[in-house]
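Chemist: Sharing a structure here in structure tokens format.
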């Protein structure tokens, strides 16, 4: 990777923070709900445990560990092919959840930012590890392999662009959601929304992935 050391350091620190936050949320999910939340009279819950699944926290924890290993070789854990398999399975899992939710709630689920986020992020992880594997093959295969790797450049830039657009959409959607939530509260209506740590991790992961794709292209 040809990039400034300070940039790699910042991205590594972001990945470690996301890993720590996800680990804390996973640990908190194993504790009694009464420790962290109160059930409201309408049956809703004030804790983030009610609206966010453990599979999401586990996915972001794995993403943080995997990307930290990309950025800092000393933190590398599993081989690239192993990570490709893991995130391939996670992509299929979240795609299945999105399709199941679409079957129940209709096509509006496809337009939901956070529902599609996990599919996009896991698929991007698969792509990044595949690109890194191709880069490693250059060293062993020479010029014949370099032509294959060049074919990854345009899709890589396109995926980075999609992630940037998605990140902007996510931020704008959250701002709109906050505005609607305040209005619903003033009208006495219940509102379910992502917590600040969840949104922050999601946006940080989106931006970091876009930068990583530009680094490895």
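The values are calculated or read from the model by the stated rules, or taken from the named source; none is laboratory data. In this text the structure is predicted, and so the values were computed from the model without any measurement. Virtual Cβ from ideal backbone geometry, glycine too; neighbours counted across all protein chains shown.
Chemist: Take the conditions closer than 15 Å to residue 213 by Cβ, modelled with pLDDT under 85 and assigned to a helix (DSSP H, G or I) and apply them to residue 104. Does it pass?
Modeler: no
Residue-by-condition table, conditions (1) more than 23 Å from residue 126 (Cα to Cα); (2) more than 17 Å from the chain's Cα centre (by Cα); (3) surrounded by fewer than 18 Cβ atoms within 10 Å (Cβ to Cβ); (4) at pLDDT 90 or above:
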site: 11; (1), (2), (3), (4): no, no, no, yes
site: 18; (1), (2), (3), (4): no, no, no, yes
site: 23; (1), (2), (3), (4): no, no, yes, yes
site: 28; (1), (2), (3), (4): yes, yes, yes, no
site: 35; (1), (2), (3), (4): yes, yes, yes, no
site: 46; (1), (2), (3), (4): yes, yes, yes, no
site: 53; (1), (2), (3), (4): no, no, yes, no
site: 59; (1), (2), (3), (4): no, no, no, yes
site: 82; (1), (2), (3), (4): no, yes, yes, yes
